[in-house]
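Novice: To start, I am sharing the structure in question, which I have written as structure tokens.
The values are calculated or read from the model by the stated rules, or taken from the named source; none is laboratory data. Note that the structure is a prediction, hence the values are computed from the model and not measured. Here the Cβ positions follow ideal geometry from the backbone for every residue, glycine too, while neighbour counts run over all protein chains shown.
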């Protein structure tokens with residue numbers, strides 16, 4: 001419980017700092033109307049209720065293009081997550097995943113997979 | 001990265017809007033079970049006791065991935081997305097998690113990057129700073145001999161099982177441009193440290209098995225795995 005109290009104390013004024021915070025700035029209403037997130041002790045950690053489910057939209061019908069086409073919208077130093085099942089390779093831009101966090105996808109050699117960021 | 005078939009049922013994951021120990025919590029639409037991203041375990045719900053099976057994935061740059069997999073498919077992207085939303089977060093060594101978490105374990109700085117692995121109850125974190133110098137770290141986890149390889153060109157890591165046909169290999173690094181190659185002491189075969197494929201020598205054509213791992217900030221890994229080993 002000490003941890004939760006500490007968290008409450010420190011949270012003041014620290015919203016737009018880190019992790020999902022940038023997203024919350026995008027999706028939550030004006031600063032004054034931000035709801036107090038609920039905190040819950042689960043196991044040895046804190047479960048923080050930040051946003052309603054699906055406010056950050058997972059990608060469920062991913063569409064893919066070739067590397068040549070992707071070169072038009074990908075920077076060379078752009079970070080990606082890459083999956084390779086022995087035959088098929090797929091890349092997911094982390095700059096894009098910042099805004100979706102989850103892709104529900106499928107690869108022939110791996111079956112149904114979830115790409116998470 | 002996980003498979004999303006659990007006990008024969010295919011699950012579809014969504015973003016729960018919750019964070020546990022400052023990391024993403026997912027839910028599945030089929031049972032509304034809450035899952036952690038860091039270790040694929042259940043926080044609560046119908047599938048309690050299950051664990052998602054991790055899939056080997058690589059975190060690298062577009063140019064390195066394209067060089068290794070020219071036929072790759074790429075998730076279609078809004079061309080207006082030209083950077084991360086989290087520049088400040090990634091560049092500030094003091095910023096940990098959205099609620100301002102503390103580093104739970106002083107063995108490393110909170111924002112130190114680590115290559116992380118877990119096998120049953122054993123967890124291992126390998127310092128990326130050290131990998132940048134050596135490019136290769138050889139270790140074991142629950143009796144599984146491992147090679148952890150770092151590629152400067154992609155600022156990326158791979159983890160391979162060092163066993164091939166019942167033989168455990170020991171490697172040394174050979175640099176060749178952007179390629180990080182491994183030569184094994186047992187057969188002198190030359191392997192790609194980025195794909196795990198044997199390129200020249202007795203074992204040419206063989207492939208090292210890729211082992212699931214993640215690249216994490218230390219504070220997040222340590223919160224989930226308080227008893228993790230740290231190497232080197």
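Novice: Which residues, taken from segment B:175-217, are in contact (Cβ under 8 Å) with a residue 12 or more places away in the chain, exposed (fewer than 14 other Cβ atoms within 10 Å of the Cβ) and in a strand (DSSP E or B)?
Specialist: B:175
Novice: Would you be able to say whether some residue in segment B:150-164 is surrounded by fewer than 16 Cβ atoms within 10 Å (Cβ to Cβ), out of contact with any helix residue (DSSP H, G or I) (no Cβ under 9 Å at 6 or more places or on another chain) and either closer than 30 Å to residue A:78 by Cα or outside the structural domain of residue B:40 (by TED's automatic domain parsing) (or both)?
Specialist: Checked against the condition, which is being surrounded by fewer than 16 Cβ atoms within 10 Å (Cβ to Cβ), out of contact with any helix residue (DSSP H, G or I) (no Cβ under 9 Å at 6 or more places or on another chain) and either closer than 30 Å to residue A:78 by Cα or outside the structural domain of residue B:40 (by TED's automatic domain parsing) (or both), segment B:150-164 yields at least one hit.
Novice: Still on this structure, I have one more. More than 24 Å from residue B:147 (Cα to Cα) and out of contact with any strand residue (DSSP E or B) (no Cβ under 6 Å at 6 or more places or on another chain): which single residue out of B:45, B:110 fits that description?
Specialist: Checking each option against the conditions leaves just B:110.
Novice: Given the criteria in contact with a strand residue (DSSP E or B) (Cβ under 6 Å, 6 or more places away or on another chain), buried (at least 16 other Cβ atoms within 10 Å of the Cβ) and facing chain A (nearest Cβ under 7 Å), does residue B:77 qualify? Walk me through it before giving the result.
Specialist: Values: in contact with a strand residue (DSSP E or B) (Cβ under 6 Å, 6 or more places away or on another chain): yes; buried (at least 16 other Cβ atoms within 10 Å of the Cβ): yes; facing chain A (nearest Cβ under 7 Å): yes.
Taking the combined requirement at face value, the residue satisfies it.
Novice: Then there's this: When you look at residue B:140, is it within 18 Å of residue B:56 (Cβ to Cβ), surrounded by 13 or more Cβ atoms within 10 Å (Cβ to Cβ) and without any contact (Cβ under 8 Å) to a residue 24 or more places away in the chain, yes or no?
Specialist: yes
Novice: Only one of (1) more than 7 Å from chain B (Cβ to nearest Cβ); (2) part of a loop (DSSP other than H, G, I, E, B) is not met by residue A:73, so which one is it?
Specialist: (1)
Novice: Here are the criteria: (1) in contact with a strand residue (DSSP E or B) (Cβ under 9 Å, 6 or more places away or on another chain); (2) under 24 Å from residue A:80 (Cα atoms). Tell me which single one residue B:219 does not satisfy.
Specialist: Here residue B:219 meets the rest and fails (1).
Novice: Related question: Which members of segment B:47-65 meet the condition of being closer than 17 Å to residue B:197 by Cβ and buried (at least 20 other Cβ atoms within 10 Å of the Cβ)?
Specialist: B:58, B:60, B:64, B:65
Novice: How many residues, within segment A:79-117, are buried (at least 21 other Cβ atoms within 10 Å of the Cβ), over 22 Å from residue B:26 (Cα atoms) and more than 7 Å from chain B (Cβ to nearest Cβ)?
Specialist: The total comes to 0.
Novice: Also, quick follow-up: Is it the case that residue A:30 is more than 7 Å from every other protein chain (Cβ to nearest Cβ) and modelled with pLDDT of 95 or more?
Specialist: No: the conditions fail for residue A:30.
Novice: Just need a number here: residues in segment B:80-102 that are touching a residue at least 40 places away in the same chain (Cβ under 8 Å) and buried (at least 19 other Cβ atoms within 10 Å of the Cβ). Lay out the reasoning, then the answer.
Specialist: So the first thing to find is which residues in segment B:80-102 are touching a residue at least 40 places away in the same chain (Cβ under 8 Å), and the list is B:96-99, B:101-102.
Those still in the list that are buried (at least 19 other Cβ atoms within 10 Å of the Cβ) too: B:96-99, B:101.
Count: 5.
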